[in-house]
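Working notes, structure below.
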Protein chains: 2
Amino acid sequence: MADNKDKFVNQIADIDADYTQWYTDVCLKAELCDYGPVKGTMVFRPYGYAIWENLQAEADKRFKAHGVKNAYFPMLIPLSFLMREAEHVEGFAPEVATVTHVGETELSEKLVLRPTSETVIGNMYSKWIGSYRDLPLKLNQWANVVRWEKTTRPFLRTSEFLWQEGHTAFATAEEANNDALEMLDVYSEIARDVLALPVFTGKKTEREKFAGAVATYGMEAMMRDGKSLQAGTTHYLGENFAKAFDIKFLDKDGTHKYAYQASWGISTRLIGAIIMAHGDSRGLRLPPVVAPVQAVVVPIGATKNEKVGVASREIYDKLIAAGVRAELDERDLSPGFKFNHWELRGVPVRVELGGRDLEAGVVTLCRRDTGEKMTVAMDSATDTVVKLMDEIMNGLYASADSFNKAHVVEVKNMDEMSAALDGGNFCDAYWCGDENCEVEIKQKYAATARVFHADQTGADKHKCVCCGKKAKHRIYFARAY
Amino acid sequence: MADNKDKFVNQIADIDADYTQWYTDVCLKAELCDYGPVKGTMVFRPYGYAIWENLQAEADKRFKAHGVKNAYFPMLIPLSFLMREAEHVEGFAPEVATVTHVGETELSEKLVLRPTSETVIGNMYSKWIGSYRDLPLKLNQWANVVRWEKTTRPFLRTSEFLWQEGHTAFATAEEANNDALEMLDVYSEIARDVLALPVFTGKKTEREKFAGAVATYGMEAMMRDGKSLQAGTTHYLGENFAKAFDIKFLDKDGTHKYAYQASWGISTRLIGAIIMAHGDSRGLRLPPVVAPVQAVVVPIGATKNEKVGVASREIYDKLIAAGVRAELDERDLSPGFKFNHWELRGVPVRVELGGRDLEAGVVTLCRRDTGEKMTVAMDSATDTVVKLMDEIMNGLYASADSFNKAHVVEVKNMDEMSAALDGGNFCDAYWCGDENCEVEIKQKYAATARVFHADQTGADKHKCVCCGKKAKHRIYFARAY
């Protein structure tokens, strides 16, 4: 075992010494993904894609419970559509991929690959919405989007990524803004109950908001290096796109009004969040709800003892029957190799069965989150594994939550901020609200305003962390992915 | 009712008089889809997309039962990749959309939007496959693809469409060819058990095969005008892409060999097949397995009789509890309007409940496929609806199957073929195997070879339908979408 362990540790970089390399190693060696042939593109390998499928299913049912229906809109959008909303085009134009030709023929109009779909959906909504009876309209699509990025990293930032984008329209501003807030709650529920991720949620600053929104709300997850990952955003769009695309309805009072809109999205970035927030020196630690394999059965010495193989398959069959996503690893390889293989892949529970266990009528269960080993009667193995699924969800959440709490530092001035950031922390700070201070912080420390703090009580009794003038807001600053 | 009926019939074109317009009317008025802003693109509206989601779920579980795993590959492919397989580029180059710029910057290499993914997946397989232990490799992706078409029609032919594409690699030619044949069986099982569609399956001619394949197998569905719709294809690719992308493995015998491949796909075209094969003068008739709404409860006179509303909701709740995708139509509109609304949308069963029914303790069930009405005790309504789901699947299948059988005509010469085609039939013909005859038939009658007949016994005892020389094959010719 010791030998195997050492060999294994060498397979991926040391998480404490080189977090960046550790991340890349885990992505590639756990076979979550690979690099695509075009720079900045990536391939979702089956193990990585299965995480996305599980996450999709969980998110989709929550959206549907919220009255949202799925649809699908064209990926190709006339470049002229982007131009109609001034801030939107400014934000997205530099990174849109443009289709100019089909075969040898030049197109009469330039088309862009959707970086997001407010414009093309706005165009359809103007056609579909005529009366207050058509509202609210709440549609979502699961789709690929393209944003050309200079620096890319698997899952976190790639030219093409997969996401869902919800687009809603309402008769009043209040309903639309509420939708953005409610979906932020749905997102943080998904983070908690599906990904075991405690998150920081709140409004974003003007500088950090979505290009074309009136207000953006964000969900930020803390990674193990104390940097923030924007894990989901919801936007209150006001009448901005309704005016650009003429989305009007005849209200009950007989007058024509512009609809108010919201939009919201989460993406395959969340897989990056899972890797970085939960991973450890041995690789992935996957939350059971999204784990493609929730339990792996490893027979020990089955080649010498046929009964071990038979009993292992029985355990596997029972797990499957109980609805556990189980694997039986019957490969002709050493137990140590198999342990490492499945630990790297973050499988929540390993079930070991050897000849002596069999005689004693027991199996050994090993939790990936804590490393804890327990011996249980063979009869109760399935029930215990099922129970462990919840316990591991809670354990991973609690562990990430403690980490978060230990890495938020209150800072009163720039020196404290600098030290806190370099120590791998979020900064809990007060800010005057002046964009110049935001810019100064970014230039000096490469940190940005993430979200406003949920508790703004007495913020104006404090001083701005940057300029020292009277503060207006309590807000989190952090370095971010 | 009579009035409503007449009004309704006027909403969509007469299926017998103008099948093409009828199709467009059904697509738009049943709110399955809409036209996108860019010519040739379409929007999947929620009702149409829900059919696709149901079909996806059914197909996906059958693929997984076949040992196939899902993955996701980049949409953007270097144009140079297409060039590597001579026939492939010839077939696809004229219709590929090309990305040349990002923002204002010209890309150093032209990228195409995938028309299909053999090339980009071949590139990855060459990286992942090293030994016979890595085979077979069976991956599938659910994705959007782009093929620029001059003439487009909703679902049938659009610049962008949704599909699944399976890509497999094996150590031997036999296994790869078998995979293509097995997946053709899976497809026809899906057609039968999910879409209630009887199909014609078999090998395609050299002229009709996929660009880059050694052999293509097709599944053809007959539409109500006697034209064929290619509803799915599977391809045996031989070593063609393995040679182009250097997919080699070290075999057990210690030598390096090229892998043998297959690929297979079905698309949102199948929604078009459902519409055209099952639809009637009143609109859609949806197979229950894919119907977004399987049963609609329509209270009659609920505004005057509160008990009707309450009892209707109870029936609705029971249907939902029994796993039926049910709707309760409580809108303040006339029953006739509602009947038409849901008939146009093809909902398999309508449950009507009025005051008199309530007193008698019964409900009226109306089957969309046959129009048959039945009165059943309220207590057994749910069970009857559940049973009807299977009966309607069988009924739709049987009805389409009779239609198919009545519209296959054996033809011995060109005059007979011409008459059969004009009469809205498939031609069961003998053919010498010479491509010139295929071309002549296409030029004269706009019909193409669809698939070889399953029974080739004694084909050489017949004469070619076109040139009159000794025949080699029994084959279906038809006009096609």
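The values are calculated or read from the model by the stated rules, or taken from the named source; none is laboratory data. If you're wondering where the values come from, they're calculated on a predicted model, not measured in any experiment. Cβ sites come from the backbone with ideal geometry, for glycine too, and all protein chains shown count toward neighbours. For accessibility, only protein heavy atoms count, side chains too; no ligands or nucleic acids. Shrake-Rupley method; radii C 1.70, N 1.55, O 1.52, S 1.80 Å.
For this structure, a couple of remarks:
- Candidate lysines for bridging to A:LYS472, where Cα separation is under 18 Å - those fewer than 8 sequence places away on the same chain excluded: A:LYS203, A:LYS204, A:LYS412, A:LYS461, A:LYS463
- Report note on the peptides A:267-276, A:318-327: ranked by the mean count of other C-beta atoms within 10 Å, highest first, their order is A:267-276, A:318-327.
- Residues of region B:72-105 that bury at least 30 Å² of accessible area once all protein chains are present, compared with their chain alone (1.4 Å probe, heavy atoms only, ligands and nucleic acids left out), are B:TYR72, B:PRO74, B:MET75, B:LEU76, B:THR98, B:VAL99, B:THR100, B:HIS101, B:VAL102, B:GLY103.
- Violating pairs (Cα-Cα greater than 28 angstrom) within the set A:LYS387/B:LYS127; A:LYS39/B:LYS150; A:LYS69/B:LYS338; A:LYS61/B:LYS150; A:LYS69/B:LYS29: A:LYS387/B:LYS127; A:LYS39/B:LYS150; A:LYS61/B:LYS150
- Projecting 7 Å from Cα along the Cα-to-Cβ direction, the label point of A:GLY67 sits 4.9 nm from its equivalents in the other copies, listed shortest first.
- With every protein chain in place, chain B: carbon and sulfur % of accessible area (1.4 Å): 48 percent
- Accessible surface buried once A binds B (1.4 Å probe; total of both sides; Å²): 4100 Å²
- The distance between label points at A:GLN11 and B:GLU189 comes to 3.5 nm (points 7 Å beyond Cα on the Cα→Cβ vector).
- Working from label points 7 Å from Cα in the Cα-to-Cβ sense, the B:SER418 to A:SER131 distance is 5.5 nm.
- Spatially proximal aspartates and glutamates relative to A:LYS469 (Cα-Cα < 14 Å; intrachain offsets below 8 disregarded): A:ASP434, A:GLU435, A:GLU438, A:ASP460
- When the convex hull of its Cα atoms is viewed from all sides, the protein assembly as shown shows a mean projected area of 45.0 nm².
- Nearest-0.05 FRET efficiency for B:SER80 and A:LEU28, computed from C-beta distance (R0 35 Å): 0.90
- Positive dipole terminus of chain B, leading residue within B:ALA360, B:ASN425, B:PRO335 (C-beta point charges): B:ASN425
- FRET efficiency, A:ARG356 to A:ASP332 (Cβ-Cβ, R0 22 Å, nearest 0.05): 0.60
- Across all Cα atoms of region B:89-142, the radius of gyration (one decimal) and Dmax (whole number) stand at 15.2, 47 Å.
- Quarter of the Cα convex hull surface for region A:357-410, i.e. its orientation-mean projected area (nm²): 3.9 nm²
- Model label points for A:LYS463 and A:LEU250, set 7 angstrom from Cα along the Cα-to-Cβ axis, are 6.2 nm apart.
- Cut-off 10 Å between beta-carbons: net charge of the residues surrounding B:ALA291, Lys and Arg +1, Asp and Glu -1: +4
- The C-alpha radius of gyration of region B:146-256, expressed as a fraction of 2.2 N^0.38 Å, stands at 1.26.
- Cα-based reach from A:LYS405 at 13 Å (exclusive), listing aspartates and glutamates while leaving out same-chain residues under 8 positions away: A:ASP428
- Note on region B:1-149: along the principal axes its Cα atoms extend 70, 45, 30 Å, ordered by decreasing extent.
- Compared with the rule-of-thumb size 2.2 N^0.38 Å for a compact globular protein, chain B has a Cα radius of gyration ratio of 1.10.
- Across peptide A:45-57, the average count of Cβ atoms from other chains found within 10 Å of a residue's Cβ is 3.
- For the peptide A:239-247, the mean number of other protein chain Cβ atoms found within 10 angstrom of a residue's Cβ is 0.
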